[in-house]
Structure formats: C-alpha cells, structure tokens
1. Name the residues in region 79-108 that are surrounded by fewer than 16 Cβ atoms within 10 Å (Cβ to Cβ) and either at pLDDT 95 or above or closer than 20 Å to Tyr14 by Cβ (or both), would you?
2. How about region 155-166: which of its residues are part of a helix (DSSP H, G or I) and open to solvent by less than 60 Å² (accessible area, probe 1.4 Å)?
3. If you go through region 41-55 one residue at a time, how many are out of contact with any strand residue (DSSP E or B) (no Cβ under 6 Å at 6 or more places or on another chain) and touching a residue at least 40 places away in the same chain (Cβ under 8 Å)?
4. Just a yes or no: is a residue in region 62-78 small (Gly, Ala, Ser), under 25 Å from Gly147 (Cβ atoms) and either open to solvent by 80 Å² or more (accessible area, probe 1.4 Å) or without any contact (Cβ under 8 Å) to a residue 60 or more places away in the chain (or both)?
5. Filtering region 12-32 down to residues that are open to solvent by 40 Å² or more (accessible area, probe 1.4 Å) and either of a type in the set (Val, Ile, Thr) or under 15 Å from the mean Cα position of the chain (by Cα) (or both), which residue is farthest from Leu81 (Cα to Cα)?
Amino acid sequence: NWTKEIATIQASIYQPNLTLEEKWSSSGIRQTMALIKSSVLKADEGEFVFFPETALIFNEEDLQPWLSDVEREASQRNISLITGIIAKDQVNPDLFERYNRIQGFGAIEGHYDKIHLVPFGEYIPFRPYIGKVLDIMGINLINTLPGEAYNLLIGHNLRISASICYEIAFSELVRKTAKTSNLLVTISNDTWFGAS
C-alpha cells in the first residue's frame, strides 16, 4: 500500500554465458562486446537493456570508439543500456586501482560506484601488511576502491536506485536512495558461482 504504479517498462536482461576464464580472455571480451552491441540493435525503442556486474572489464577510455558507437545507437532509439563496467581512479590513473561501477548509456545517465566491497575478492583488508606477503608470493591483485556517494541513474522519467551484487544485503545502503527513486536495480556477476 506504500507503492503505486507510475508506468510499465520494457526490459531485456542479459547474463553472458561465459566462464570466468572465458570472460577475462580476449575472445570473451569480444563476445561480450558483440552481445552488448546486438542487444542494443535488437531492442525496441525506449527499452531498458541490463547487463551484469563487470560485463565490461575495461574502462570507458579503453573501449572507445566502440562504446561511442553503442551509445550513439542507443541514444538515437531512446534505449537505456545499464551495465557493469570497470572505472579508473581519475586521481591516480597509473595505479592498479579501479571502481566496480554500474553505468547508464544512451537514454539513461549517471553511474554508481560500488560502496560495500567484498573482502579478499575486491580489496585486501590490511593491505599494507597482507599485500607484502602477496607480493612475495607473486600474486598481483588489482585493488578495487569503494565508491564515495550513492548516486541515482536518471532517464525516461525514472530515478534508478542501483546496487551491485551483495550490496543488496545492506538495507541501510539501499534505503539511502529508495525514497527518491522509483526503480530498484541490482546487478551481479553470476559467473562467480559456476554451474551451481
């Protein structure tokens, strides 16, 4: 009784069927890019197209001009592409530190950088100490930085409250924008779970 329908939307949700090894290979990157491009070309005008967390494992600058072409096609047909993407730290771009981001392209604008990171999966707790041990073992991990603000994605008269993967378990995080949004979206990379 505390919600009301304001509109219906047409949406397509994609989860590329790639193993982790395939996803992080040159072939897997090309397959994901081809799937994103074809999903935008197949989408109906005004449709929402969703891809999972880290669907794009490179940042925007590394994906030009391909990403500009996808964005132009989506914009021309009023399509909202919402996908996971890796984002560089703009303050220290030469360091191996990145953000786990959900970003809108085409008719939807904005991005959200994951705030609640997975320990030992996205960042190393006590990195000054544990990091030295990993360096000695030859394990070079990219450090994911936590986002600083909870941002809405906006388009089609919708304000989307976005969360990434296990962040949905932190209700206080979702509540920060739930009152000012009218659509909740959570993306996840289900390939971590294999065939389970």
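The values are calculated or read from the model by the stated rules, or taken from the named source; none is laboratory data. Since the model is a prediction, treat every value here as computed from it, not as a measurement. Heads up, the Cβs are rebuilt from the backbone with ideal geometry, glycines too, and the neighbour counts pull from every protein chain shown. SASA here: full protein model, heavy atoms, side chains in, ligands and nucleic acids out. Shrake-Rupley method; radii C 1.70, N 1.55, O 1.52, S 1.80 Å.
1. none
2. Across region 155-166, the qualifying residue is only Cys165.
3. 1
4. Yes, the conditions are met somewhere in region 62-78.
5. Thr19
The rows are residues; the columns are (1) open to solvent by 50 Å² or more (accessible area, probe 1.4 Å); (2) modelled with pLDDT of 85 or more; (3) not basic (Lys, Arg).
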| site | (1), (2), (3) |
| --- | --- |
| Glu148 | yes, yes, yes |
| Leu153 | no, yes, yes |
| Ile168 | yes, yes, yes |
| Thr177 | no, no, yes |
